[in-house]
Amino acid sequence: MEADLQQSSMREEATNQSKKERRGKPARSTKKGNANISANARIYRSCTDIFKYLQKEDKNNIFARPVDEEAHFAPNYYDVIKEPMDLNTLHGKLRIWGQDKEANNTADEFAACVRLMFRNAMTYNDSPTHPVHIAAKVLLEKFENKFLEVKQLQEGAQRKEKQKGIADQYDEATASRGGGVESTTTISNKEKSQMSKRERNGGAD
(Lines give C-alpha, C1' and ligand atoms only; values in the text may rest on other atoms or scores of the structure.)
Protein backbone atom coordinates (compact mmCIF):
# COMPACT_ATOMS: atom_id res chain seq x y z
CA MET A 1 0.00 0.00 0.00
CA GLU A 2 2.80 2.36 0.97
CA ALA A 3 4.67 1.52 -2.25
CA ASP A 4 1.56 2.32 -4.30
CA LEU A 5 1.27 5.71 -2.61
CA GLN A 6 4.92 6.47 -3.32
CA GLN A 7 4.53 5.56 -7.01
CA SER A 8 1.38 7.66 -7.26
CA SER A 9 3.17 10.59 -5.64
CA MET A 10 6.12 10.24 -8.04
CA ARG A 11 3.81 10.15 -11.07
CA GLU A 12 2.00 13.26 -9.86
CA GLU A 13 5.29 15.08 -9.29
CA ALA A 14 6.50 14.13 -12.77
CA THR A 15 3.23 15.35 -14.30
CA ASN A 16 3.49 18.68 -12.48
CA GLN A 17 7.12 19.10 -13.56
CA SER A 18 6.12 18.43 -17.18
CA LYS A 19 3.39 21.07 -16.98
CA LYS A 20 5.86 23.60 -15.58
CA GLU A 21 8.29 22.89 -18.41
CA ARG A 22 5.55 23.34 -21.00
CA ARG A 23 4.50 26.62 -19.38
CA GLY A 24 8.10 27.81 -19.52
CA LYS A 25 8.34 27.28 -23.28
CA PRO A 26 7.31 30.14 -25.58
CA ALA A 27 3.94 29.63 -27.19
CA ARG A 28 3.97 28.52 -30.79
CA SER A 29 2.90 31.28 -33.09
CA THR A 30 -0.14 30.64 -35.25
CA LYS A 31 1.01 33.43 -37.49
CA LYS A 32 4.43 32.15 -38.39
CA GLY A 33 4.11 33.48 -41.90
CA ASN A 34 3.26 37.00 -40.73
CA ALA A 35 6.22 37.01 -38.34
CA ASN A 36 8.57 36.35 -41.22
CA ILE A 37 7.19 39.04 -43.51
CA SER A 38 9.91 41.60 -44.22
CA ALA A 39 9.45 45.35 -43.93
CA ASN A 40 9.46 45.79 -47.72
CA ALA A 41 6.82 43.08 -48.14
CA ARG A 42 4.62 44.81 -45.55
CA ILE A 43 5.07 48.09 -47.40
CA TYR A 44 4.02 46.45 -50.67
CA ARG A 45 0.96 44.93 -49.02
CA SER A 46 -0.01 48.33 -47.60
CA CYS A 47 0.24 49.83 -51.08
CA THR A 48 -2.07 47.17 -52.53
CA ASP A 49 -4.54 47.82 -49.71
CA ILE A 50 -4.51 51.54 -50.51
CA PHE A 51 -5.02 50.75 -54.20
CA LYS A 52 -8.12 48.68 -53.40
CA TYR A 53 -9.38 51.52 -51.22
CA LEU A 54 -8.99 54.00 -54.09
CA GLN A 55 -10.86 51.66 -56.43
CA LYS A 56 -13.71 51.49 -53.96
CA GLU A 57 -13.78 55.26 -53.42
CA ASP A 58 -13.82 55.96 -57.16
CA LYS A 59 -17.55 55.34 -57.17
CA ASN A 60 -18.15 56.80 -60.64
CA ASN A 61 -15.16 55.04 -62.20
CA ILE A 62 -13.66 58.36 -63.23
CA PHE A 63 -10.13 57.04 -62.82
CA ALA A 64 -10.76 53.39 -63.62
CA ARG A 65 -9.32 53.32 -67.16
CA PRO A 66 -7.32 55.49 -69.57
CA VAL A 67 -9.12 58.60 -70.80
CA ASP A 68 -10.95 58.19 -74.11
CA GLU A 69 -11.10 61.65 -75.66
CA GLU A 70 -14.37 60.93 -77.47
CA ALA A 71 -16.17 58.76 -74.94
CA HIS A 72 -15.18 60.99 -72.02
CA PHE A 73 -15.73 64.25 -73.91
CA ALA A 74 -12.12 65.23 -73.30
CA PRO A 75 -10.84 66.87 -76.51
CA ASN A 76 -7.07 67.28 -76.84
CA TYR A 77 -6.58 65.47 -73.55
CA TYR A 78 -3.30 63.90 -74.64
CA ASP A 79 -2.04 67.24 -75.94
CA VAL A 80 -2.43 68.64 -72.43
CA ILE A 81 -1.52 65.55 -70.42
CA LYS A 82 1.82 64.08 -71.47
CA GLU A 83 2.05 61.38 -68.76
CA PRO A 84 -1.42 59.83 -68.39
CA MET A 85 -2.21 57.50 -65.52
CA ASP A 86 -5.28 55.56 -64.39
CA LEU A 87 -6.15 52.82 -61.90
CA ASN A 88 -6.06 50.03 -64.46
CA THR A 89 -2.55 51.02 -65.57
CA LEU A 90 -1.50 51.37 -61.95
CA HIS A 91 -2.85 47.89 -61.21
CA GLY A 92 -0.60 46.49 -63.92
CA LYS A 93 2.39 48.23 -62.37
CA LEU A 94 1.50 46.83 -58.94
CA ARG A 95 1.49 43.31 -60.36
CA ILE A 96 4.96 43.86 -61.80
CA TRP A 97 6.21 45.33 -58.53
CA GLY A 98 4.67 42.37 -56.72
CA GLN A 99 7.12 40.04 -58.46
CA ASP A 100 9.83 41.59 -56.29
CA LYS A 101 8.21 42.52 -52.97
CA GLU A 102 11.67 43.16 -51.54
CA ALA A 103 12.24 46.19 -53.77
CA ASN A 104 12.62 49.18 -51.48
CA ASN A 105 11.38 51.80 -53.95
CA THR A 106 7.93 50.33 -54.64
CA ALA A 107 6.09 52.67 -52.28
CA ASP A 108 7.68 55.80 -53.76
CA GLU A 109 6.86 54.72 -57.31
CA PHE A 110 3.31 53.82 -56.27
CA ALA A 111 2.78 57.19 -54.58
CA ALA A 112 4.20 59.04 -57.61
CA CYS A 113 1.73 57.28 -59.92
CA VAL A 114 -1.26 57.98 -57.69
CA ARG A 115 -0.38 61.66 -57.37
CA LEU A 116 0.22 61.91 -61.11
CA MET A 117 -3.20 60.43 -61.84
CA PHE A 118 -5.10 62.88 -59.64
CA ARG A 119 -3.01 65.92 -60.58
CA ASN A 120 -3.56 65.14 -64.26
CA ALA A 121 -7.30 65.25 -63.62
CA MET A 122 -7.02 68.59 -61.81
CA THR A 123 -4.75 70.01 -64.51
CA TYR A 124 -7.01 69.12 -67.43
CA ASN A 125 -10.19 70.03 -65.54
CA ASP A 126 -8.61 73.14 -64.07
CA SER A 127 -11.77 74.77 -62.77
CA PRO A 128 -11.97 74.13 -58.99
CA THR A 129 -15.72 73.65 -59.33
CA HIS A 130 -15.50 70.97 -62.02
CA PRO A 131 -16.82 67.62 -60.68
CA VAL A 132 -13.73 65.71 -61.84
CA HIS A 133 -11.40 68.30 -60.31
CA ILE A 134 -13.28 68.03 -57.01
CA ALA A 135 -13.26 64.22 -57.07
CA ALA A 136 -9.54 64.15 -57.81
CA LYS A 137 -8.75 66.60 -55.02
CA VAL A 138 -10.82 64.66 -52.48
CA LEU A 139 -9.29 61.31 -53.42
CA LEU A 140 -5.78 62.76 -53.38
CA GLU A 141 -6.32 64.00 -49.82
CA LYS A 142 -7.66 60.59 -48.78
CA PHE A 143 -4.67 58.92 -50.39
CA GLU A 144 -2.17 61.15 -48.58
CA ASN A 145 -3.83 60.32 -45.25
CA LYS A 146 -3.67 56.59 -45.99
CA PHE A 147 -0.09 56.81 -47.22
CA LEU A 148 1.09 58.15 -43.85
CA GLU A 149 1.08 54.56 -42.58
CA VAL A 150 3.35 53.50 -45.44
CA LYS A 151 5.72 56.36 -44.63
CA GLN A 152 5.92 55.14 -41.05
CA LEU A 153 6.77 51.64 -42.27
CA GLN A 154 9.45 53.12 -44.54
CA GLU A 155 10.96 55.13 -41.70
CA GLY A 156 10.97 52.07 -39.45
CA ALA A 157 12.71 50.01 -42.12
CA GLN A 158 15.29 52.76 -42.63
CA ARG A 159 15.99 52.94 -38.89
CA LYS A 160 16.51 49.17 -38.74
CA GLU A 161 18.82 49.30 -41.74
CA LYS A 162 20.81 52.09 -40.13
CA GLN A 163 21.04 50.18 -36.85
CA LYS A 164 22.23 47.14 -38.78
CA GLY A 165 24.91 49.27 -40.40
CA ILE A 166 26.07 50.51 -37.01
CA ALA A 167 26.10 46.94 -35.66
CA ASP A 168 28.23 45.88 -38.62
CA GLN A 169 30.66 48.66 -37.75
CA TYR A 170 30.81 47.31 -34.19
CA ASP A 171 31.60 43.86 -35.57
CA GLU A 172 34.38 45.24 -37.74
CA ALA A 173 35.79 47.26 -34.84
CA THR A 174 35.67 44.22 -32.57
CA ALA A 175 37.35 41.99 -35.13
CA SER A 176 40.11 44.55 -35.72
CA ARG A 177 40.94 44.64 -32.00
CA GLY A 178 41.71 40.93 -31.92
CA GLY A 179 43.17 39.43 -28.74
CA GLY A 180 40.09 37.32 -28.13
CA VAL A 181 37.79 40.28 -27.72
CA GLU A 182 34.22 39.11 -27.39
CA SER A 183 31.32 39.95 -29.64
CA THR A 184 29.82 43.40 -30.10
CA THR A 185 27.55 42.91 -27.11
CA THR A 186 30.58 43.61 -24.89
CA ILE A 187 31.12 47.09 -26.31
CA SER A 188 30.21 49.67 -23.72
CA ASN A 189 27.15 51.89 -24.02
CA LYS A 190 29.50 54.88 -24.16
CA GLU A 191 31.30 53.45 -27.20
CA LYS A 192 28.00 52.65 -28.90
CA SER A 193 26.79 56.20 -28.26
CA GLN A 194 29.99 57.65 -29.70
CA MET A 195 29.82 55.48 -32.81
CA SER A 196 26.14 56.29 -33.30
CA LYS A 197 26.93 60.00 -32.96
CA ARG A 198 29.68 59.71 -35.58
CA GLU A 199 27.20 57.92 -37.86
CA ARG A 200 24.71 60.78 -37.52
CA ASN A 201 27.43 63.34 -38.20
CA GLY A 202 28.50 61.56 -41.36
CA GLY A 203 31.56 59.99 -39.81
CA ALA A 204 33.08 63.25 -38.53
CA ASP A 205 34.74 63.11 -35.10
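The values are calculated or read from the model by the stated rules, or taken from the named source; none is laboratory data. If you're wondering where the values come from, they're calculated on a predicted model, not measured in any experiment. Note: ideal-geometry Cβ built from the backbone for every residue, glycine included; neighbour counts use all protein chains shown.
A few remarks follow.
- The residues in the range 88-129 that are over 21 Å from the mean Cα position of the chain (by Cα) and closer than 19 Å to K52 by Cα can be counted, and the count is 5.
- Residue selected from the range 50-66 under the condition surrounded by 12 or more Cβ atoms within 10 Å (Cβ to Cβ) and in contact (Cβ under 8 Å) with a residue 40 or more places away in the chain, by the criterion farthest from the chain's Cα centre (by Cα): I62
- Neighbours by Cβ (under 7 Å, 6+ apart or cross-chain): first from the range 71-95, of a type in the set (A, V, I, L, M, F, W, C); second outside any helix (DSSP H, G or I): A74/V67; L87/D58; L87/F63; L87/A64
- Among helices (runs of 4 or more DSSP H) entirely within the range 49-152, having at least 1 residues that are within 30 Å of A39 (Cβ to Cβ) singles out 87-97, 106-124.
- The range 162-185, subset in a helix (DSSP H, G or I) and loosely packed, with under 12 Cβ neighbours inside 10 Å, residue modelled with the lowest pLDDT: T185
- Within the range 112-134, if we keep just the residues that are under 15 Å from R65 (Cβ atoms) and aliphatic (A, V, I, L, M), the residue that is surrounded by the fewest Cβ atoms within 10 Å (Cβ to Cβ) turns out to be V132.
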